[in-house]
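The values are calculated or read from the model by the stated rules, or taken from the named source; none is laboratory data. For clarity, every value in this text was computed on a predicted model and none was experimentally measured. Positions of Cβ are backbone-derived with ideal geometry, glycine not excepted, and every protein chain shown enters the neighbour counts. To get the accessible areas, we keep the full protein, side chains included, count just its heavy atoms, and leave off ligands, DNA and RNA. Shrake-Rupley method; radii C 1.70, N 1.55, O 1.52, S 1.80 Å.
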Amino acid sequence: MTQMFKQAALTLLALFMFIPLYAQDSGDGVAGTWEGTLTVPGASVTLVFHFATSDDGSYGGTMDSPDQGATGIPLGSVTVAEGEVVATVPSLAGEYRATLTESQLEGTWSQGGQSFPLNLEMRVEAAEDQTPPSRPDIDVTGTWMGRLNAGGTQLRIVFHIEEGDDGVLTGTLDSPDQGATGIPLGEISGSGSSITIQLPAVAGTYEGTIETDRSAIEGTWSQGGGTLPLRLEPADDESIRLPDRPQQPRPPYPYIEEEVGFDNTHADIRLAGTLTIPEGDGPFPAAILISGSGPQNRDEALLGHRPFHVLADYMTRKGIAVLRYDDRGIAESTGDFATATSVDFAEDASAAVDFLKGRSEIDSERIGLVGHSEGGLIAPVVAADRDDLGYIVLMAGPGVTGEEILYEQGAVILRAGGADEERIASNRATQEAMFEIAMSDAPLDEVREKLRAFLVQTVEGMDEQERTASGLSEAMIEPQVQQVASPWMRFFLSYDPRPTLEKVTCPTLVINGEKDLQVPPYQNLPEIERALTKGGNTNFRIVEMEGLNHLFQTSETGAPSEYAAIEETFSPKAMQVIADWILNDAS
């Protein structure tokens, strides 16, 4: 299943784990650091927003509340259109809406059902005549690369450092595996062999010690309340080159591509997507792609890969119309991602079905759902609720509760990473204690309080070696609390997909990779098969594909650490199985 960054402390859920990095301004004047004062009854609080863009022009960033000692709070969706800026802050259930003027953002902060005026001004950088920062005695200019282990996923981090005419060190940061380049560095300072690099665009800091022979910098990366070790070594252009993505589709396409939008009227949100339609006479069978967990855009983009774009291109060339869409609250879709559960996402998928039924190019009796990971949980929910689906395809979908999956997933991923059985058992015990708290009937605030107390006690009871081995630290406590106590996680942990699968009567294809360590086939495929059989489904097929991982890439071990390094985005063999089954057997 998918999940965002902050997996160092526990192996909870891993598919899309990433550090949100963003690049230079796209030219609309919003990227940068903005500061303002929020006045609420009885208090005034300074809020700081760091807005920046990725290579594809989409926005992201972080927020600080320095008066409350909170920094690096990740933003959710950030949209900028025609001078209007809307930024969500999922962990606070907050939203900022503003209009961009020549000198400021004039807007409103909303949280907890209340709204307050909040105007922001772009922060002015320090004056040029200020005393330049101290610098290391050892030459640190050049290109340096290291790898962050973010919950089992290896992400390359590249620093380009140069010396200006005034002797001040400046530079940029790249995260090649996330497609983020040219992120400006802040102040670079140090003394002796020590160096500190400020990263204001991502609310981060790197601190390290330079080897006297310049062979490496041993240090730590800090961002969003978490700290990870990061060793940097000199690098060249070849070592930081992003692996080729030869399957990535590029226009012109031999089919029609249309940007579309449709409404989930019950949730009062609008979902944005891309519809690809084969050329020629219709009506055509159609597939709606449903992404895995975590905030995903329509391409399910991660680590330089765009699996849904590749799959949609393949299927449309085969004669299947495909609709893929941004998750609610993500990219161009409206809504609140942070408070949604799989049931809410099922509503969105059902709205997509209704939308396609109104299109003349689509065969209304051959509309199906193709769900990946959590999408493989969502598709049966929709299918059990309506009798007009042509089929569903479950790609690495769960067959047991989320709690059961996470225990098994944690063990196999840790084992693949070389962890001993004592570490695996310790991780399991911590998971069990946290999940018991999360799945209680207590109110959300109380659950968070209990989780916080448990983790504080756990960390205090560890020595330094144990903290290093587990990855659990004081800085990681709050991110873990917010993750485990989220509405989505509480639902996922206790939801059993088997009773729903028993109600699915439409044609069903179930496909998993043999090396999937995140939704292991040996744990889930037998349970899905039993549930479909028990419910009387007479048209289903179970396929376990040799050598494929959770992303349906051809892999060596299946470990998430391989995802970025593999050039293949989606196995052609797996895509052929899916397309051929839809065209020939889903009837």
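Compute the relative contact order of the stretch 315-442 as a whole-number percentage, counting only Cα pairs closer than 8 Å that sit 6 or more residues apart in sequence.
Values: 115 pairs, mean separation 18.9, N = 128.
This gives 15 percent for the stretch 315-442.
Cross-link candidates for Lys357: which aspartates and glutamates have Cα within less than 13 Å, leaving aside residues fewer than 8 places away along the same chain?
Glu365, Asp388
Rank by packing, highest mean first: peptides 262-271, 491-500, with packing defined as the count of other Cβ atoms within 10 Å averaged across residues.
Details: 262-271: 16.8, 491-500: 18.4.
Final packing ranking: 491-500, 262-271.
Output the Cα-based Rg and Dmax of the stretch 475-587 in Å, rounding Rg to one decimal and Dmax to a whole number.
For the stretch 475-587, the Cα-based Rg and Dmax read 16.9, 53 Å.
Got a number for carbon plus sulfur as a percent of the chain's accessible area, 1.4 Å probe?
Details: 11380 of 24150 Å².
Accessible surface attributable to carbon and sulfur in the chain totals 47 percent.
What is the angle, in °, between the Cα long axis of helix 474-484 and the longest principal axis of the Cα atoms in the chain? Nearest 10 is fine, range 0 to 90.
20 degrees
Taking 20 Å as the cut-off for C-alpha to C-alpha distance, list the pairs among Lys534/Lys573; Lys503/Lys534; Lys318/Lys515 that go past it. All intermediate terms of the calculation are to be shown ahead of the outcome.
Details: Lys534/Lys573 30 Å; Lys503/Lys534 9 Å; Lys318/Lys515 27 Å.
Table pairs above 20 Å Cα-Cα are Lys534/Lys573; Lys318/Lys515.
If I fit a long axis through the Cα atoms of helix 521-534 and take the longest principal axis of the Cα atoms of the chain, what angle between them do I get, 0 to 90°, rounded to 10?
30 degrees
Percent relative contact order of the chain, based on C-alpha pairs within less than 8 angstrom and at least six residues apart? Let's see the in-between values first.
Numbers: 1385 pairs, mean separation 74.8, N = 587.
RCO, the chain: 13 percent.
Tell me, what is the per residue accessible area of the stretch 472-587 in Å², probe radius 1.4 Å? Show your work: numbers first, answer last.
Working: 4400 Å² over 116 residues.
Accessible area per residue: 38 Å².
Give the Kirkwood hydrodynamic radius (Å, one decimal) of the stretch 303-382, defined as one over the mean of 1/r across all pairs of different Cα atoms.
Values: mean 1/r = 0.0723 Å⁻¹.
Evaluated over the stretch 303-382, this radius sits at 13.8 Å.
Taking the Cα centre of the chain as the origin, how large is its charge dipole in debye, to the nearest 20, when only Lys and Arg (+1) and Asp and Glu (-1) carry charge on their Cβ atoms? Before the final figure, lay out each step's value.
Numbers: 37 positive and 91 negative charges, 330 e Å.
Here the chain has a charge dipole of around 1580 debye.
Can you give the local net charge around Asp496? Use residues other than it whose beta-carbon is closer than 12 angstrom to its beta-carbon, Lys and Arg +1, Asp and Glu -1.
Values: positive: Arg498; negative: Glu403, Glu404, Glu502, Glu527.
Local charge sum for Asp496: -3.
May I ask for the net charge around Asp244, where only other residues with Cβ less than 11 Å from the Cβ of Asp244 are counted and Lys, Arg are +1 while Asp, Glu are -1? Working shown, then result.
Values: positive: Arg241, Arg245; negative: Glu567, Glu568.
Cβ neighbours under 11 Å give a net charge of 0.
Roughly how tilted is helix 402-416, in degrees to the nearest 10 and between 0 and 90, from the longest Cα axis of the chain?
Helix 402-416 and the main axis of the chain meet at about 60 degrees.
Using a 1.4 Å probe, what is the accessible area per residue for the stretch 231-299, in Å²? Mind dumping the intermediate values first?
Details: 3390 Å² over 69 residues.
Value for the stretch 231-299: 49 Å² per residue.
Give the ranking of Arg428, Arg448, Arg366 by solvent-accessible surface, highest area first, calculated with a 1.4 Å probe.
Details: Arg428 100, Arg448 50, Arg366 80 Å².
Heavy-atom accessible area, descending, gives Arg428, Arg366, Arg448.
Using alpha-carbon positions, what is the distance between the centroids of the stretch 312-352 and the stretch 407-440, in Å?
31 Å
Sum up the charges of everything whose Cβ sits under 11 Å from the Cβ of His305, counting Lys and Arg as +1 and Asp and Glu as -1, but leave His305 out. Intermediate values should be presented prior to the final figure.
Working: positive: Arg245, Arg306; negative: Asp177, Asp299, Glu300, Glu567, Glu568.
That sum, taken over residues with Cβ under 11 Å, equals -3.
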